[in-house]
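Below is one structure; the comments refer to it alone.
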Amino acid sequence: MRAIPAMAAVALVTAGCASMGMHEGPKAVASLEPTRGNSAQGTVAFAQHGDMVRVTAHLSGLKPGAEHAFHVHEKGDCSSGDGMSAGGHFNPAGNPHGPQSGAHHAGDMPNVVADAQGNANATFDLHGVSIGSGAADIVGKGLIVHRDPDDYRSQPAGNAGPRIACAVIRKA
């Protein structure tokens, strides 16, 4: 039996991990700050994994036990105090608003649920967005947490209520 040279072994392992979807590409991060009169805040990490983006969120200051809409918005601008300067949902393909399982805006994400202390931790995968390239690039876009849950039906934004936290997504 012949030994595989070390460089060849590394190449095989790397190729195997990439083919299994384990290879991480570009990353981005957002630091959510409360909008005027609110206390919601947190950090959100984004990591490209092939054709999807893994989102990992750690939020606090939410209404305890409540469900909250969570969206990427078209403008990386949180200057208005109420989050409205972030514009509407990020939607480069012109799709209707909806859940990840159907036609949806690129910025439509799953709701997050706060625990009894008002904290929420969530990890999920997004399809139809990218980090650092293409029309669906989320870098430089806004990230919004809403007071209410997204109903995934109402157009154009899911009847999610006021914006309680805002951030700009930045390349990590």
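No value in this document is a laboratory result; all are computed from the given coordinates. Remember, it's a predicted structure, so these values are computed and weren't measured experimentally. All Cβ positions, glycine included, derive from the backbone under ideal geometry; neighbour counts span all protein chains shown.
A few comments on the model shown:
- With Cα atoms, 0 to 90° folded angle of helix 6-19 axis to the chain main axis: 40
- Karplus-derived HN-Hα couplings along segment 43-57 (A = 6.51, B = -1.76, C = 1.60, θ = phi - 60°), whole Hz, x at Gly and Pro: 10, 9, 10, 10, 9, 6, 10, x, 8, 10, 10, 8, 10, 10, 10
- GNM on the chain, alpha-carbon springs under 10 angstrom: the most fluctuating residue among A47, A114, A103 is A103.
- Cut-off 11 Å between beta-carbons: net charge of the residues surrounding N38, Lys and Arg +1, Asp and Glu -1: +2
- Of Q41, A172, G61, farthest towards positive along the dipole that unit charges on Lys, Arg, Asp, Glu beta carbons give the chain: A172
- Local charge for P110 was computed over the other residues whose Cβ lies under 14 Å away, with Lys and Arg +1 and Asp and Glu -1, and equals -4.
- Neighbour-count order for V129, V44, fewest beta carbons within 10 angstrom listed first: V44, V129
- For segment 24-171, the square roots a ≥ b ≥ c of the C-alpha gyration tensor eigenvalues yield an a/c under 1.5, which makes the shape rounded.
- Sequence-distant aspartates and glutamates (8 or more away, or on other chains) whose Cα lies within less than 15 Å of K75: D108, D137
- Considering only alpha-carbon pairs that sit under 8 angstrom and 6 or more positions apart, the relative contact order computed for the chain is 28 percent.
- Magnitude of the charge dipole for the chain, about its Cα centre and with charges confined to Cβ atoms of Lys, Arg (+1) and Asp, Glu (-1), is about 360 debye.
- Estimated [θ] at 222 nm from DSSP helical runs (n ≥ 4, -39500 (n - 2.57)) normalised by residues in the chain, nearest 500: -2500 deg cm²/dmol
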